[in-house]
Every structure is written in C-alpha cells, then in structure tokens.
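**Student:** I have a structure here, written as structure tokens, and I will follow up with some questions on it.
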Amino acid sequence: MDLLSDLNPQQREAVTASPGPVLVLAGPGSGKTRVLIYRLAYLVQELQIPAGEILALTFTNKAAREMEGRALSLLERSPSTGGPRLGTFHSTFARILRIEADRLPFTRDFVIFDDADQLALVRQALKELNQDPKQVQPRRVLASISRAKNELIEPQAFSSDTYFTEITRRVYERYQQYLRTNNALDFDDLLLLPIRLFHEHPGTLETYRRRYPHLLVDEFQDTNTAQYTLLRMLAGADPDLFVVADPDQSIYRWRGADYRNVQLLRKDYSNLVTILLEQNYRSTQTILDAAMAVIDRQPDRQRKQLFTERGSGARILVHEAYDQDEEAQFVVEKISMFTLSGEAEPGDCAIMYRTNAQSRAIEEAFLRAGLPYRLVGAQRFYGRKEVKDLIAYMRLIHNPADQVSLMRAIRTPPRGIGDKTLEALRVAADQAEATPVDILLSLGRGEEVAGIPARSRASLSRFGALLDGWIEIKDQVVLESLIDRVLEQLEYRAYLGDAEDRWANVMELRGVAQEFSELGLVEFLQQVALVSDQDTLTENLNAPTLLTLHAAKGLEFPIVFIVGLDEGELPHFRSQDDPEAMAEERRLFYVGLTRAQDRVILLRAFRRRARGVSTLTDPSRFLDDLPADRLEGDLIGVRTPAQDEYFRETRWQSRVPVPTQARYQAGMHVTHPQFGEGVVLEAQLGYDDEEVTVNFEEVGIKHLVASMAGLQIEDP
DNA sequence: ATCACAATACTTTTT
DNA sequence: GTATTGTGAT
C-alpha cells in the first residue's frame, strides 16, 4: 500500500496497529498529527471502514480543519461524499446537544456564552449579592465555578467552608439560573450536559457509540476530566480508540487539562498498545539538545531521547536588550538581516511570547520600520467592541431570551436608554411575568404596557420596533442581508464616525457571515463562539508571525524568536508559588523551542515596563538550563562552564533508569522501607515506570510506583 | 436622566 | 494601554 511509503517504521507501526486502544506517545516534530491522519486514511482505505463511522476530536478548529483537508486529499475525496466527522470536543458535543435538545433543559436555539459573557453573569450575580468586586474578584469566582463544573459538582454540593467559597457557591447558583433563563450554555456545559445526557439516557449513548465505533484524538494530554469522561463513555469497554499525546507538551493545566489522563488511559484499557515516536523531523540537533536540557530538569518524568538526522545546525542566539522596545527592535533588525542575506524570508519567522500584552512592543517596532506582520489571536478580533456589538444584535435576534446580549445591544449605539429606563423595563417585565424582550416587542407594536414611564416609552418602543422587524425577517433573508439591515437601521457606521478600522472589522465580520450564508444564523453564532480566531488574519502574507507560546503549539517555523525570557514573564510570576504551575511554564518554553526548524533566538530585557512602571528584571531561570556549548551571544556568561558541566552531570545522573522489562510479578514477596513486608498482587509496566499493587502485612493494599518506592524483592 | 469625558484600577495562557 | 467606574455638563 503506497499510503505507508511516506512513513518511517515507527510511524508505520502506529498507523497499522490493529483496531483497539492505541496510545502514541510522541515527541515534538515526530509527525504525530501526520500519524493520526494516516491512521484515519488507513482505516478507510485498508480496513474498509466507512468514513462516516470515524469521529476525530481535536482541541482547536484549526487542527480539525487541517486534518480534514489532509485526510480527504489522502483519500482522494471531496468533503461532500460523506467524510469522517472531525471537530473539536466543544463543537462536536455542541452539535450533539442541539440534536438532543428535546431531552435537555434548553431549546436547540441555545447560544454559547463566551468568556466575557460568563464574566458579565458573575459580575451581575456579585452585584446582587452586594459584593465588592475588589474584594471578591469575578475572575477568580468564575475560575472556581468552572473548576467545579468540570468536576461535575453541582451548586448544592459545592463546599462552602470559607467566606470566598460561600460567596462562590451563591454566585454559582445564580449563574446557573441565569444561563437557564437566557437559554445559554457556557463552555463547560458543552461537555457536562452530554455527560449527564448519556448518563440519564443510556440508549442515546448507545446510539452514538454505534454511530462512531472508531475514535481518534489529537493532543490527548490536553484533555480535562470532562473530556476524558466523554471519551470513555463513547469508547465503551472495547473500543477502536487511537490517541496521540506528548505529556511534555501539556500546557493547559490551568483550564483543567490533566496529562495524567495518559496514565489513566493505561489503567482503563489493559490491552492498550503503546507506541513511541522519538525521531524528530523538524529541528536541528542543537535545538533538540537545548530543548531536552530544559525539559530534563523536570522531576518525575520519563526522559525522551529526541534525535534527528538534520545535523547540528546553528547555535542558539541569546541576547539581552536594554528594555522591551530595544528587544523588539532587535527582533526586527535580525529579521531584516536574515531577509537581506537570503537566509530566510519574513514569513519564515515567528515571534513568541508568554502574554498577549507583550505583542504591543513588537508590533510597534514593526510599524516603526514600516514592515508588515501577522498577529495570531491576541486582542482578539471577536473581543473588539464593534464586533461584539454586532454579535450581540445577532444573538438577540436569534435568541430573544439572551439578556446579556440585550443589555449590550440596548445601550449601543446610545439611544436615550439608561439605568433608570432599564430598571423600569425590568420591573414591568417581572410584573407581567414576561421577559424584557417581550415587553419591548409589545411596545414596538404600539401596545400599552403598565409600569413604563411615558418618558422612557418612546425610546424603548423605537428599539422594540426595530427588534421586532429583524426577528420577523431573520428566516426570510440571507444572513448578510440581515446584518446589512441591522447596520443600516442602527446607523452604525455613523456611530463609529471616522474610525475606519473599526468599520473594517465590522465588514470583516460581515464577510465571515457571508460564508455562513447557507448554513444560517445558528451555525454562524456557534462558530463565532467556539472559534478562537487563530487564523482569521491574512494567511498568505509573507510576513513574520506574532503569537503566544500557547498559540504556537502544533506549528513550526524555520526561525523562532522567543522574547521576554525574564523571571516574572517566562516563567510568569503567577506560577511562582506552585511547583506544578512552574513545571508548566517550563513545558511552555519547551514547546516554544521545539517549534523551530533551523534557528532559535532568545531575548530578554534588562528593564521592563509593566502597567506604566519600569522595573529591573532578572534573567529567566530557564536560560540557566541551556547547555552553554549550544549557545552564542551576550548572555551565556550567566553561568561558568564549570557550573554548567556540574548541572549537566547531576541532571543526567539523577534520572531513574527506565524499566524496559517488568521486574515484579504477582506473587513475589517484597519489602518496603516504610510499609514492611508484602506480596505483589499486580504489576504493570507503564510508559515511564512500573506500577505495582502490593498487599502489605502491616498496612494492607497499596499502589506504588516501583522506582520511587524502593521496593526490595525477597528471594523466595 | 443620560452621556461624554476623566480618573482609576488591573492584565496569563483559551475552548 | 484598556476595562470599569465616577463625575460633571447638558
């Protein structure tokens, strides 16, 4: 089969593993996404599995789209001929929720509340509970609620042992009520409600199991508890499940991702086939050595030996700039030099940073130099005021129950409706046992409503009439015509005045809507909520790309700049007190390094401005971990060669040897320094260690990681 | 009562 | 530099 001729033996082994649970543990640049795509093609072409029975889950829309394109071209099919189902966890289950809406406490017209909407709900709830947002930070409350939801904890079961958790519990209760009355779901609901649905309706679960007997998952290390639960539900006891993962690239712990799901998977499927991919096709050996030196400082981790046939390549350049402006200037100049010398094109370069705020200095440097750049994510397109305004109008037209959108829409552009008028509207709605929108629509039709002061009535009924008109035509005209009409009647362009760029954003959104002309308003709104505009900006512009380290995952560039290698920036100061969070910062740096094919340039600024004030910084601790003999530039004297040697020695020596063979067997007698004597009940060889279950005479049954436990085998 | 403008406070990463 | 809140003018 010529499909497999492009693959190396390891990759081929993975792709052709017989159906069943398969885990591919892959290093960066080892072609793991490629393996996933070929697996899909292999299932269809070689094993004659109907493509429609395959469900592939990813974490970003971009990954899903890319996979779809590549898989279809491998299969020589067009998207129309019933391809596999590819999508993100969120979009896939949102789709299922719409289909199954009848059994759930919302209608299929539900809207998805994004981060800003969720925060608005929390703020409102806090306000109603008379809480000072300075004392109880809405952001933290939301994070806490989200965590609870991910762990399937209901408001009633939410522990309230401190003042903060008690407030959170009350906010959580209201928050859920608001979602319900707004006919809205948040991101967590998109995963939780399917779990509940499947739980309560096993028949429904069975239907989906039968529909998708073949499951593929990309970036498995990023699954959270809810996602893993769903995956297991869909997979059942004996699934054809194919997942690819790299625990070293796990960078989403803060949103609930748990790379230990990799270990869990091993526990849950005893027949799991594990395949390692360590050969790297992306980077030079120098880059890999640096990356390994960084990640190997991490304790409790299986060491991967990344290797490449690409040769050693250029050293890594490390530069200390005076401040962030000079840092940015250095980047621009360096790129100009690469371009002039013909070593690279502008589009080959990427500039990565820890926080979105850091992009500004770099953007300014490019603007000063009059050079173009591509910005990924960042001050999100969908986060812009004018874009959110228009989306709010669309959501309101689609789902009049959405009060968050109503509140936004009714105030912009200003139309003489302020706090007092809104309060009157709310009171009138309560009295009439109707929603505010119902009242508005009645007013719009010229009906009398009790409790609305004459003063406010004119502006309210004018707005109500507009809304009524839009709702009436929403299903009769195509999406972009609806948008045109809304913009026109709002005189939105005049409202924006001479802010041409903002109008351009509105038009760009209209352009997106045009693509959804056929699919309609529902799909458009879902897309808008779930897409993280990772790629909304010009694709084929030959210019450097600016992006966060998080956004960089899964990408590769010939030349990578990582800026802001200062303590407090990378690692970020918010991660300082938590070893797990600090470990994640390290992985983030590792991800950045391993994006590079040919060259890495690392930068730091001696002085950095943060919210107006300029402070001195220390070099990032991660710089110390880089092997000096792989570096060049002006910041390598941070540690003496002797120290460097010492660090490297200890680093290698502190490793626990990897078991290649099972050392323990059921029935063996062992002794443990703490637990004393016992008998092995079960031993399992994992990827990074051997896990043993021992029944100790003194303390009973314990699960142990063999290398850590210091178990001694007693001769029988 | 509403709105524009000024003062104030806050910034990790994203589906 | 930006979201949110506060204040004064209309």
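The values are calculated or read from the model by the stated rules, or taken from the named source; none is laboratory data. What you see is a predicted model, and the numbers here were worked out from it, not measured in a lab. Every residue, glycine as well, gets a Cβ built from its backbone with ideal geometry; the counts of neighbours run over all protein chains shown.
**Student:** Would you please list the contacts, defined by Cβ atoms under 8 Å and residues six or more apart or on different chains, that run from a residue in region A:413-424 that is within 20 Å of A:T435 (Cβ to Cβ) to a residue that is more than 6 Å from DNA strand B (Cβ to nearest atom) and of a type in the set (A, V, I, L, M)?
**Tutor:** What qualifies is A:I417/A:I410; A:I417/A:L460; A:T421/A:L460; A:L422/A:M407; A:L422/A:I410; A:A424/A:I452.
**Student:** Looking at the structure I just gave you, is A:A293 under 27 Å from the mean Cα position of the chain (by Cα), away from DNA strand B (no atom under 16 Å from the Cβ), buried (at least 18 other Cβ atoms within 10 Å of the Cβ) and small (G, A, S)?
**Tutor:** Yes, satisfied.
**Student:** Tell me, which helices (runs of 4 or more DSSP H) wholly within region A:9-107 include 3 or more residues that are farther than 22 Å from A:L530 by Cβ and over 26 Å from the mean Cα position of the chain (by Cα)?
**Tutor:** A:9-15, A:32-45, A:61-75
**Student:** State whether the residues of region A:291-305 include one that is among the β-branched types (V, I, T), in contact (Cβ under 8 Å) with a residue 12 or more places away in the chain, over 17 Å from A:E585 (Cβ atoms) and part of a helix (DSSP H, G or I).
**Tutor:** No, there is no match, as no residue in region A:291-305 is among the β-branched types (V, I, T), in contact (Cβ under 8 Å) with a residue 12 or more places away in the chain, over 17 Å from A:E585 (Cβ atoms) and part of a helix (DSSP H, G or I).
**Student:** Being aliphatic (A, V, I, L, M) and under 20 Å from A:G469 (Cβ atoms) is the filter; apply it to region A:487-505 and report the residue that is modelled with the highest pLDDT.
**Tutor:** A:L487
**Student:** To continue, here is another question. Would you mention how many residues in region A:565-607 are closer than 26 Å to A:L555 by Cβ, within 16 Å of DNA strand B (Cβ to nearest atom), of a type in the set (D, E, K, R) and not in a helix (DSSP H, G or I)?
**Tutor:** Within region A:565-607, residues that are closer than 26 Å to A:L555 by Cβ, within 16 Å of DNA strand B (Cβ to nearest atom), of a type in the set (D, E, K, R) and not in a helix (DSSP H, G or I) number 3.
**Student:** Got a sec? Which helices (runs of 4 or more DSSP H) wholly within region A:372-456 have at least 3 residues that are of a type in the set (D, E) and surrounded by 18 or more Cβ atoms within 10 Å (Cβ to Cβ)?
**Tutor:** Hits in region A:372-456: none.
**Student:** Let me ask something else. Could you figure out which of (1) in contact (Cβ under 8 Å) with a residue 60 or more places away in the chain; (2) farther than 24 Å from A:N280 by Cβ; (3) among the aliphatic types (A, V, I, L, M) isn't true of A:L367?
**Tutor:** With (1) in contact (Cβ under 8 Å) with a residue 60 or more places away in the chain; (2) farther than 24 Å from A:N280 by Cβ; (3) among the aliphatic types (A, V, I, L, M) applied to A:L367, the lone miss is (1).
**Student:** Additional query: If we scan region A:331-344, do we find a residue that is under 29 Å from A:A581 (Cα atoms), at pLDDT 90 or above, crowded, with 20+ Cβ neighbours inside 10 Å and in contact with a strand residue (DSSP E or B) (Cβ under 9 Å, 6 or more places away or on another chain)?
**Tutor:** yes
**Student:** Moving on. Hey, any hits in region A:145-166 for a residue that's within 14 Å of DNA strand C (Cβ to nearest atom), closer than 23 Å to A:Q403 by Cβ and in contact with a Phe, Trp or Tyr (Cβ under 9 Å, 6 or more places away or on another chain)?
**Tutor:** no
**Student:** A:Q124 passes all but one of (1) out of contact with any helix residue (DSSP H, G or I) (no Cβ under 8 Å at 6 or more places or on another chain); (2) within 16 Å of DNA strand C (Cβ to nearest atom); which number fails?
**Tutor:** With respect to (1) out of contact with any helix residue (DSSP H, G or I) (no Cβ under 8 Å at 6 or more places or on another chain); (2) within 16 Å of DNA strand C (Cβ to nearest atom), A:Q124 is out only on (1).
**Student:** If we keep just the residues of region A:122-161 that are within 12 Å of DNA strand B (Cβ to nearest atom) and outside any helix (DSSP H, G or I), which is surrounded by the fewest Cβ atoms within 10 Å (Cβ to Cβ)?
**Tutor:** In this case the residue turns out to be A:K134.
**Student:** Something else: When A:A450 is evaluated against the numbered criteria (1) farther than 30 Å from A:R510 by Cα; (2) in contact with a Ser or Thr (Cβ under 6 Å, 6 or more places away or on another chain), which criterion, by number, is the only one it fails?
**Tutor:** It is condition (2) that A:A450 fails.
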